[in-house]
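Notes for the one structure printed next.
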Amino acid sequence: QVQLVESGGGLVQPGGSLRLSCAASGSIFRVYDMGWYRQAPGKQRALVAVRTRGGNTNYADSVKGRFTISRDNAKNTVYLQMNSLKPEDTAVYYCNAELWSTAVSGPLQYWGQGTQVTVSS
């Protein structure tokens, strides 16, 4: 069984910083893309940032220059460093990974349980 466990959310003032972490664990053969999505109240879940196993990255326009995604392939962990946070960044942040579990015949998408990020004074 595969799990994605997130940590690092919380309450921060505008202009502040937070760092999210997400570790994939279980019977994993290989991890491909890892990334972060977010869902604000009344809105659809949307991509924040993704990083491929080879190191290519893609960011939502709204976070470019403020957020940085990184990963440790040896630990199957992805990070999201969020700087210059704005109230509009408030959302539940979900970790996402495309990975191949040893229990199945090919790669599948997995999701974490979500972590709340609130930016407010």
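From the residues in the range 77-107 that are touching a Pro at 6+ places or on another chain (Cβ under 7 Å) and not acidic (Asp, Glu), which one is surrounded by the fewest Cβ atoms within 10 Å (Cβ to Cβ)?
Step one: filter the range 77-107 for residues touching a Pro at 6+ places or on another chain (Cβ under 7 Å), giving 85-87, 98-100.
Right, trim to not acidic (Asp, Glu) and you get 85-87, 99-100.
Working: 85: 22, 86: 13, 87: 11, 99: 22, 100: 17.
Looking at residues that are touching a Pro at 6+ places or on another chain (Cβ under 7 Å) and not acidic (Asp, Glu), I get 87.
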>> Go through the range 27-54 and report how many residues are part of a loop (DSSP other than H, G, I, E, B) and more than 15 Å from the chain's Cα centre (by Cα).
In response: 6
>> Anything in the range 51-76 that is surrounded by 20 or more Cβ atoms within 10 Å (Cβ to Cβ) and of a type outside the set (Lys, Arg)? List them, or say none.
In response: 63, 67, 69, 76
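Between 54, 106, which is out of contact with any Ser or Thr (no Cβ under 7 Å at 6 or more places or on another chain), within 15 Å of residue 1 (Cα to Cα) and modelled with pLDDT under 95? Step through it out loud before you land on a result.
Numbers: 54 fails: within 15 Å of residue 1 (Cα to Cα).
Going through 54, 106 in turn, just one is out of contact with any Ser or Thr (no Cβ under 7 Å at 6 or more places or on another chain), within 15 Å of residue 1 (Cα to Cα) and modelled with pLDDT under 95: 106.
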> In the range 108-121, what count of residues is obtained for those that are touching an Asp or Glu at 6+ places or on another chain (Cβ under 8 Å), open to solvent by 60 Å² or more (accessible area, probe 1.4 Å) and in contact (Cβ under 8 Å) with a residue 60 or more places away in the chain?
Replying inline: 1
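Show me the strands (runs of 3 or more DSSP E) found entirely inside the range 61-121 where at least 3 residues are within 17 Å of residue 27 (Cβ to Cβ).
Values: elements: 67-72, 77-82, 91-101, 108-111, 115-119.
Because the criterion is at least 3 residues that are within 17 Å of residue 27 (Cβ to Cβ), the strands (runs of 3 or more DSSP E) in the range 61-121 that meet it are 91-101, 108-111.
What are the residues in the range 1-22 that are in a strand (DSSP E or B) and either open to solvent by less than 40 Å² (accessible area, probe 1.4 Å) or farther than 24 Å from residue 63 by Cα (or both), if any?
Taking the range 1-22 and keeping what is in a strand (DSSP E or B), we get 2-7, 10-12, 18-22.
Across the range 1-22, the qualifying residues are 2, 3, 4, 6, 10, 12, 18, 20, 21, 22.
The values are calculated or read from the model by the stated rules, or taken from the named source; none is laboratory data. The structure displayed is predicted, hence computed values, not measured ones. Every residue, glycine as well, gets a Cβ built from its backbone with ideal geometry; the counts of neighbours run over all protein chains shown. Heads up: the accessible areas ignore ligands, DNA and RNA and are worked out on the full protein's heavy atoms, side chains in. Shrake-Rupley method; radii C 1.70, N 1.55, O 1.52, S 1.80 Å.
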